[in-house]
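K.L.:
Have a look at the structure that comes next, please.
The values are calculated or read from the model by the stated rules, or taken from the named source; none is laboratory data. What you are looking at is a predicted structure, and each value in this text was computed from that prediction instead of being measured. All Cβ positions, glycine included, derive from the backbone under ideal geometry; neighbour counts span all protein chains shown. Each accessible area value is taken on the protein alone, full model and side chains, heavy atoms only, with ligands, DNA and RNA left out. Shrake-Rupley method; radii C 1.70, N 1.55, O 1.52, S 1.80 Å.
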Amino acid sequence: MSFDNFYAIIPAGGVGTRLWPLSRKDHPKFLFDLLGQGQSMIQGTFRRLAAICGSDHIVVSTGAPHVEAVREQLPELASDAVFAEPLPRDSTAAIALATAVLARRHGDHIVVGSFAADHVIRDEDAFTTSVRQAVAAAEAGYVTTIGIAASRPSTAFGYIHQGRSLASEITGAPDARLVTEFVEKPDAVTAQAYLATGEYRWNAGMFVMRADTLLGCLKSYKPDLYSAIMDIAQAWDTNPESRQAALNEYWAGIEKIAFDYAVAEPLAAAGGVAVVPGGFGWDDIGDFNSIAALLPSSNRQNIKILGEADLVSYIDSAGDVVVPAAGRTIALLGVDDLVVVDTPDALLIAPRARSQDVKTMVSKLSGDGQDDIL
């Protein structure tokens, strides 16, 4: 099976507030090299997908303020391959608009796949195998997700409950199974129970489907959103004035809703969602603890440094995560398991155990009127 009919959509949205003060509204996390690999998160995502379907089959949906940076980082993108959103409207609108425009360009039986800009994939050959099976299931009419093998009872991810095998129904997807339901982030006890059954996988938000399948679902489940998206799509490739007029008329009123809630969950209840396994080593970099898990240790004290290691000095300290982004020396004396992120205009110091709570601090700073540093 070839990927000639497959088009990849990269939704590049979200600020990444748990990675403040490194990630900001005007320079979000997908534009950073968070693992010290010489490429940003979106560059890594683009290269991985280009190896599957070619760079001319990839589009990016991002906020209007980030278009210039995205084009700078991805010069291979075609001139018509960036969808600039005037306002954030969550993943359903982003995926739907790109799909509707691609369907007008290439026909509504194309297969589209949505892959977030900020995920880490370790085994790219295994990833390609999973995408190949997902495309086969999508061509059979299913909205298909790639379920990640749950390596631990995580409370940070949603889960996919697998049902019966679909292997006999779908040629080219021997590992596909029906999705019985999507479940929200569980507590620790529930997560452990999920893991024990062997029937649950992590939901990474990767979805592959035929364009007509997705648009048909939206027409049924979210008719107002569907109508607005189709009107914008009709004007998109006519001329810049018509596109802008349609965006001005419809975009702000589009419902802000995640794809899982708008499409995946109700369609799963109707038996229309398939899952193929993803055993390729996956991580979602959501906070500084997750960065630390992926960075090599700088020393036997297990100190993790993102940036110039020569800027960090330590005595009797261990387990710290340090980002010396301000270019000045950070000296650690007798402190363990801290997050220290130093930027030119803001300094974050927190216990690693409270990495998830950085989002709460961002909310407080916003409430204090300090939006200029967010």
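K.L.:
Across every pair of different alpha-carbon atoms, what Kirkwood hydrodynamic radius in Å does the chain reach?
P.N.:
Values: mean 1/r = 0.0460 Å⁻¹.
When all Cα pairs of the chain are included, the Kirkwood radius is 21.8 Å.
K.L.:
Take the Cβ-Cβ distance between Asp310 and Arg164 as r, set R0 to 41 Å, and report the resulting FRET efficiency rounded to the nearest 0.05. Provide the component values of the computation, followed by the final result.
P.N.:
Numbers: r = 56 Å, r/R0 = 1.38.
After rounding, the FRET efficiency stands at 0.15.
K.L.:
Please turn the phi angles of the stretch 74-84 into ³J(HN,Hα) values with the Karplus equation 6.51 cos²θ - 1.76 cosθ + 1.60 (θ = phi - 60°), one per residue in order, whole Hz, x for glycine and proline.
P.N.:
These are the phi-based 3J(HN,Hα) values: 10, x, 6, 4, 5, 4, 9, 9, 10, 9, 8 Hz.
K.L.:
Sticking with this structure for a sec: About its Cα centre, what dipole magnitude does the stretch 82-162 give when the only charges are +1 on Lys and Arg Cβ and -1 on Asp and Glu Cβ, stated in debye to the nearest 20? Working shown, then result.
P.N.:
Working: 6 positive and 8 negative charges, 20 e Å.
So the magnitude is around 100 debye.
K.L.:
Below 8 Å, C-alpha to C-alpha, sequence gap of six or more: please give me the relative contact order for the chain in percent. Write out the running numbers ahead of the final one.
P.N.:
Details: 743 pairs, mean separation 72.3, N = 374.
Answer for the chain is 19 percent.
K.L.:
Let me ask another. Calculate for the chain the 222 nm mean residue ellipticity that helices alone would give, adding -39,500 (n - 2.57) per DSSP H run of length 4 or more and normalising by residue count, nearest 500 deg cm²/dmol.
P.N.:
Working: 11 runs with 121 residues, N = 374.
Taken over the chain, the calculation gives -10000 deg cm²/dmol.
K.L.:
If r is the Cβ-Cβ distance from Leu294 to Ala270 and R0 is 30 Å, what FRET efficiency results, to the nearest 0.05? Spell out each step's value before the answer.
P.N.:
Working: r = 38 Å, r/R0 = 1.25.
With a Förster radius of 30 Å, E is 0.20.
K.L.:
I've got another one for you. For Lys29, which lysines qualify as cross-link partners when the Cα separation must be under 19 Å and same-chain residues fewer than eight apart are set aside?
P.N.:
Lys304, Lys359
K.L.:
Also, quick follow-up: Given a cut-off of under 8 Å on Cα pairs at least six residues apart, what relative contact order in percent is computed for the stretch 124-197? Intermediate values should be presented prior to the final figure.
P.N.:
Numbers: 94 pairs, mean separation 23.5, N = 74.
Reported relative contact order: 32 percent.
K.L.:
Moving on to the next point. Quick one: with all protein chains in place, what share of the accessible area of the chain is carbon or sulfur, to the nearest percent (1.4 Å probe)?
P.N.:
48
K.L.:
If we sort 290-299, 135-144, 42-51 on the protection proxy, mean other Cβ atoms within 10 Å, highest first, what's the order? It would help to have the intermediate numbers written out before the result.
P.N.:
Details: 290-299: 15.5, 135-144: 24.5, 42-51: 19.9.
Listed from highest to lowest mean packing, they are 135-144, 42-51, 290-299.
K.L.:
How far apart, in nanometres, would the label points at Leu195 and Asp33 be if each is projected 7 angstrom from Cα along the Cα-to-Cβ direction?
P.N.:
With each label point 7 Å from Cα toward Cβ, the separation is 3.4 nm.
K.L.:
What's the FRET efficiency of Arg105 with Lys185 using the Cβ-Cβ distance as r and R₀ = 56 Å, to the nearest 0.05?
P.N.:
Working: r = 37 Å, r/R0 = 0.66.
Given R0 = 56 Å and the Cβ-Cβ separation, E is 0.90.
K.L.:
According to the square roots a ≥ b ≥ c of the eigenvalues of the Cα gyration tensor, what is the shape class of the stretch 168-321, taking rounded for a/c under 1.5, prolate for a/b larger than b/c otherwise, and oblate for the remainder?
P.N.:
Values: a/c = 2.71, a/b = 1.47, b/c = 1.84.
Note, shape of the stretch 168-321 comes out oblate.
K.L.:
With every protein chain kept in place and ligands, DNA and RNA left out, what is the accessible area per residue of the chain? Probe 1.4 Å, answer in Å². Present the calculation step by step, with values, prior to reporting the outcome.
P.N.:
On the way: 16170 Å² over 374 residues.
Counting only protein heavy atoms, the per-residue value for the chain is 43 Å².
K.L.:
Nothing charged except the Cβ atoms of Lys and Arg (+1) and of Asp and Glu (-1): what's the magnitude of the dipole of the chain about its Cα centre? Round to the nearest 20 debye.
P.N.:
Details: 29 positive and 46 negative charges, 106 e Å.
Its charge dipole is roughly 500 debye.
K.L.:
Could I ask something else about it? Work out how much length Ser151 to Arg47 would gain on full extension: take 0.36 nm times their residue separation and subtract the Cα-Cα distance, in nm to one decimal.
P.N.:
Result: 34.8 nm gained on full extension.
K.L.:
Ok, one more. Find how much the distance from Glu255 to Asp123 grows on full extension, using 0.36 nm per residue of separation minus their present alpha carbon separation; answer in nm with one decimal. Walk me through the numbers before you get to the answer.
P.N.:
Values: separation 132, 0.36 × 132 = 47.52 nm, distance 3.61 nm.
Stretched fully, the Glu255-Asp123 segment lengthens by 43.9 nm.
K.L.:
Separate question: If you build a Gaussian network model of the chain, linking Cα atoms that sit under 10 Å apart, which residue out of Val335, Val82, Val208 swings the most?
P.N.:
Val335
K.L.:
Would the stretch 105-243 count as rounded, prolate or oblate if I go by the C-alpha gyration tensor, calling it rounded below 1.5 in a/c and otherwise prolate when a/b exceeds b/c, oblate otherwise? Write out the running numbers ahead of the final one.
P.N.:
Working: a/c = 2.01, a/b = 1.69, b/c = 1.19.
Prolate shape, in that a/c is at least 1.5 and a/b is the bigger ratio.
K.L.:
Let me ask something additional. If you line up the Cα atoms of the stretch 19-166 on their principal axes, what length do they span on each, largest first, in Å?
P.N.:
45, 42, 29
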